Amino acid sequence: MSKGNDSRKHQNTANMKVVEGSYAVAHAVMCCRPDVISAYPITPQTHIVENLSQMVADGELDSEFLTVDSEFSALSVLIGASACGARSYSSTTSQGLALMYEVLYNVSGMRLPIVMNVANRALGAPLNIWNDQQDSIGARDVGWLQIYVEDVQEAVDATLQAYKIAEDAEIRTPIMVCMDGFILTHVYEPVELLDKELAKEFLPAFKPADILDPAHPKTFGAFADPSTYTEFRYQQFEAQQKALEKIELVAREFEETFGRNYGGLIDSYHAEDAEIVLLTMGSVIGTIKDAIDAMRSEGKRVGLIKVRSYRPFPILALRKALKDASVIAVIEKDVSIGNEAGLVTDLKAAFYNSSIRIPIIGFTAGLGGRDITIKDIRKIVEKAEAARKGIKSEFEFLNLREEIL
Amino acid sequence: MEIKAGSLVDPCSTRKTLTGAWRTFVPVVDQEKCIKCSLCEIYCPEGCIHQEEGLFVPDLDYCKGCSVCAHECPRMAITMVLEEK
């Protein structure tokens, strides 16, 4: 975990290239050598799969690229491919992820280690193509692991890490690598692209113990009546618990090979001595770090905890990292209509049966692409400061435009 | 029986995976009334009624308790009885 100086990145500037986020991710996918790619284009994911399609057409990437009629088909195709022992990849967002919903459960239930980049986007209605994280937070219970990245470099690195985690014999669980749509998919940023040979060493070939093979017939995802269904769910639950350790381990192994580390389950920025701790996921972290720098220079003890792994939810790591805070403010780009929002509810649940009694307030912000500014972060910090003396509002929509209601 | 992650099974798994667990009513055959017409065996959608030593007997490892046999029996020799497990 970083101490707050951002030295963790160790990007080698000599190897850096200024590329679009989507290209950087597509390049990372190429370095993972997927056997089968299937996807349906949808904004803002389109550039990722367009780039992959180009790489296949140019002979740079030896993959079967299957064009399909829908996201439902895209992921269904990968069930067959992955069960046959093919390393499989897809990417989607928003309505596309929603259309995959049924298939998401089949993939995780059959324990197929598919990796998918989710270019986070709002869901309609009302129609909106901009960024928030409602799509993947809404799919938090489907049995996939979920990693949220902060910038393009982390999206690249997390994609390679994802296959190593997912394909581990003890884990065998699909992963969504979630990156904010447009903010990360369409930004041009200096990135150190992965070295193909190093990636090959880091991620060996996918060799599952059981595959679909006509010579040795098997059924994946067979019928389970009430006498065994619970145990299959328990096995998935147990695999996610094991993933808590595996995610940390793979982050360390990645650092040994590539020199970059983003934390495993969580990361922190000036959190060690912070009184006011902000907790969030995704690209807003860049803005928050700038806001923290400014407030630190004014003597305010503000810090950040970034949740990198949302599923499995890192309960123990969060308790450890947050136990000395005076107040916690959760900022997230989703809302659980009818009950606050995903991250704040999960955090409160993580603390309830512990000795930690810190005021926690939650903010839903940045919905449908509304910018979250440094001014907004300052406003949240002010509200958090006030909450130390007593919570007035446990959960609110940040910058709600009451004048148009 | 040990389960395998991903609900992964080898062929012929239903020989081991018994599917009678969801039954609520169990067919009880009154062999005195039975005229051996074999309609129950013919109509059973699970194909799990067989003649054993001349008598028609439902295989309760697979019988779902649907009562088709009781409905089709011309002599009303089959009664569906609530099964408490």
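In chain A, if the dipole is taken from +1 on Lys/Arg beta carbons and -1 on Asp/Glu beta carbons about the Cα centre, which of A:Ile305, A:Val191, A:Phe258 is farthest to the positive end?
My answer, from the dipole projection, is A:Ile305.
Just to verify a number: FRET efficiency for A:Thr67 and B:Lys4, C-beta to C-beta distance, R0 = 35 Å, to 0.05?
On the way: r = 34 Å, r/R0 = 0.96.
Approximately 0.55, to the nearest 0.05.
Alpha carbon centre of the range B:1-54 versus the range A:104-137: separation in Å?
42
What percent antiparallel are the DSSP beta bridges of the protein assembly as shown, to the nearest 5?
Antiparallel: roughly 35 percent of the beta bridges in the protein assembly as shown.
Please work out whether the range A:280-344 counts as rounded, prolate or oblate from its C-alpha gyration tensor, where a ≥ b ≥ c are the square roots of the eigenvalues and a/c under 1.5 means rounded, while otherwise a/b larger than b/c means prolate and anything else oblate?
Verdict is prolate for the range A:280-344.
Rounded to the nearest 20 Debye, what is the dipole magnitude of chain B about its Cα centre when Lys and Arg each give +1 and Asp and Glu each give -1 at the C-beta?
180
Find me the longest stretch of chain A that has none of the exposed GluC sites (Glu not before Pro), where exposed means in a DSSP loop (not H, G, I, E or B) with at most 16 other Cβ atoms within 10 Å.
A:61-169
Could you pull out every Cys in chain B that lacks a partner Cys with its beta carbon under 4.7 Å away?
B:Cys12, B:Cys34, B:Cys37, B:Cys44, B:Cys48, B:Cys63, B:Cys66, B:Cys73
Quick one: if you stick a label point 7 Å off each Cα along the C-beta vector at B:Glu72 and B:Leu55, how many nm between them?
Result for the modelled spin labels: 2.1 nm.
Treat every Asp and Glu Cβ in the protein assembly as shown as -1 and every Lys and Arg Cβ as +1, leave all other atoms uncharged, and give the resulting dipole magnitude about the Cα centre to the nearest 20 debye.
Details: 51 positive and 70 negative charges, 255 e Å.
It comes to approximately 1220 debye.
Starting from the 7 Å offset along Cα-to-Cβ, what nm value, one decimal, do you get for the label separation of A:Leu198 and B:Leu18?
5.8
Of B:Ile49, B:Ala21, B:Leu39, whose Cα points farthest to the positive end of the dipole of chain B (charges on the beta-carbon: +1 Lys, Arg; -1 Asp, Glu; origin at the Cα centre)?
Of the options given, the answer is B:Ala21.
Quickly work out the A:Glu385-to-A:Glu189 label distance, labels modelled 7 Å from Cα along the C-beta direction, and quote it in nm with one decimal.
Result for the modelled spin labels: 2.9 nm.
Once R0 is set to 56 Å, what does the formula 1/(1 + (r/R0)^6) return for the Cβ-Cβ distance between B:Glu84 and A:Glu394, expressed as a FRET efficiency to the nearest 0.05?
Efficiency, rounded to the nearest 0.05: 0.70.
Kindly identify the range A:183-262 as rounded, prolate or oblate by the Cα gyration tensor criterion: order the square roots of the eigenvalues as a ≥ b ≥ c, call it rounded if a/c is under 1.5, otherwise compare a/b with b/c, prolate if a/b is larger, else oblate.
On the way: a/c = 2.36, a/b = 1.84, b/c = 1.28.
Verdict is prolate for the range A:183-262.
Place a +1 charge on the Cβ of each Lys and Arg in the range A:150-278 and a -1 charge on the Cβ of each Asp and Glu, then give the dipole magnitude about the Cα centre in debye, rounded to the nearest 20.
Dipole size: approximately 760 debye.
Would you list A:Leu52, A:Leu127, B:Leu60 from fewest to most Cβ contacts within 10 Å?
Ordered by Cβ neighbours within 10 Å, fewest first: A:Leu127, B:Leu60, A:Leu52.
Applying 1/(1 + (r/R0)^6) with R0 = 51 Å to the Cβ-Cβ distance of A:Ser354 and A:Ser227, what FRET efficiency is obtained, to the nearest 0.05?
0.90
Within 10 Å of each residue's Cβ, count the other Cβ atoms and sort B:Leu82, A:Leu398 from fewest upward.
Going from least to most buried by this count: B:Leu82, A:Leu398.
Bear in mind that the values in this text are calculations on the coordinates, not laboratory data. All values derive from a computational prediction rather than experimental measurement. Neighbour counts are summed over all protein chains in view; Cβ atoms, including those assigned to glycine, are modelled from backbone coordinates with ideal geometry.
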